[in-house]
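One structure is given below, encoded as structure tokens.
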Amino acid sequence: MANDLVLNAQAAGRRLPPALRDPWLVVLLALAALNLAWVATNSAPAAVRTLWYWSPALLRGLAMNVQISVLAMALGTLAGLVVGALSLSPSRLMRRLTRAYVLLFRNAPILVLVYFTTYVFPFELRLGGWNLPFPDWIKVVIGLGLPASANVAEIFRGAIQSIPSAQWEAAQSLAFRRAQIFRMIVLPQCLRRMLPSWMNLYASITMSTSLASLVGVHDLVDAATVASNTVSRTDFTVLVYFTLLALFFAYCYPIARWTRYLEKRHEHY
């Protein structure tokens with residue numbers, strides 16, 4: 001009977017995604033559950049009870065960070081695929097221009113790009129007789145999307161160049177056009193090879209969203225700062241910034257684990 005229970009538990013664990021089987025994530029979830037139970041008994045310290053009072057604001061701030069990261073990565077992916085494809089153009093001028101774009105935005109500090117997009121773009125857009133606001137969080141999306149696009153372009157270019165030239169030659173011998181070879185043979189393989197690096201880049205962009213608070217965006221860091229200044233207690237300040245670290249860790253660490261899992265799978269192909 002005991003052996004059957006152990007085997008069933010192991011089988012259930014194998015059915016879980018690799019990110020959810022990680023012991024660190026299990027420990028983090030267990031601590032959160034214990035903390036919630038502690039608060040429910042009304043025996044927790046005042047700092048912990050105050051943290052639970054501020055938790056909705058912290059979670060709304062985290063949602064803003066996730067929103068910025070998803071949109072920045074979507075913008076960077078679309079632009080990066082175009083730039084990566086143009087970097088393999090037969091035109092020498094086009095290759096030089098795309099190379100200059102990649103070098104510029106891959107090596108520019110992200111904080112500088114965030115400040116650049118925040119203060120270069122206007123605060124309002126005039127369309128006819130309408131004044132449309134241009135929120136700061138959208139400018140941060142653009143500021144993070146620029147380095148993301150440069151990195152995606154390099155990832156895409158490397159994935160295309162990793163495809164053996166024999167596959168191109170074999171497809172051409174079967175009367176496939178260049179567009180058909182790219183769409184039906186090369187691109188499916190590129191997507192699989194790009195995915196681990198793309199996910200690593202997304203985790204990096206997510207962590208960089210913490211810079212949004214420096215330009216007035218009400219994100220997780222800004223919410224933690226407001227809570228700390230409002231309560232104005234050292235024990236609560238320490239606790240709220242530990243919570244900030246834990247929230248970023250809880251979001252980014254499963255992505256890193258999933259990336260490692262995909263890399264190991266890719267090694268077997």
_Leaving ligands and nucleic acids out of the surface, order Glu154, Glu124, Glu263 by accessible area at 1.4 Å, largest first._
Glu124, Glu263, Glu154
_Simple spin-label estimate for Leu125 and Ala175 in nanometres, 7 Å along Cα-Cβ_ = 4.8
_Accessible-area ranking of Ser162, Ser87, largest first, probe 1.4 Å_ = Ser162, Ser87
*With all protein chains present, calculate the accessible area of Ile185 using a 1.4 Å probe and round the result to the nearest 10 Å².*
50
*Could you give the spread of the C-alpha atoms of the range 173-269 along their three principal axes, from largest to smallest, in whole angstroms?*
73, 30, 11
_Accessible surface of the range 86-181, 1.4 Å probe, proportion on carbon and sulfur as whole %_ = 65
*Report the label-to-label distance for Gln161 and Leu86 in nanometres (one decimal), using points 7 Å from each Cα along the Cα→Cβ vector.*
1.9
_Low-density loop cleavage sites - chymotrypsin sites (Phe, Trp or Tyr not before Pro) in the range 87-131, where at most 13 other Cβ are within 10 Å (DSSP)_ = Phe123
*Under the Kirkwood approximation applied to all pairs of distinct alpha-carbon atoms, what is the hydrodynamic radius of the range 217-261 in Å?*
11.6
*DSSP-assigned coil residues among trypsin sites (Lys or Arg not before Pro) in the range 145-190, each with at most 11 further Cβ atoms within 10 Å*: Arg177
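The values are calculated or read from the model by the stated rules, or taken from the named source; none is laboratory data. Just so you know, these numbers come straight off a predicted model, no measurement behind them. Backbone-built Cβ (ideal geometry, glycine too); neighbour counts: all protein chains shown. Areas reflect the complete protein model, heavy atoms only, side chains present, ligands, DNA and RNA absent. Shrake-Rupley method; radii C 1.70, N 1.55, O 1.52, S 1.80 Å.
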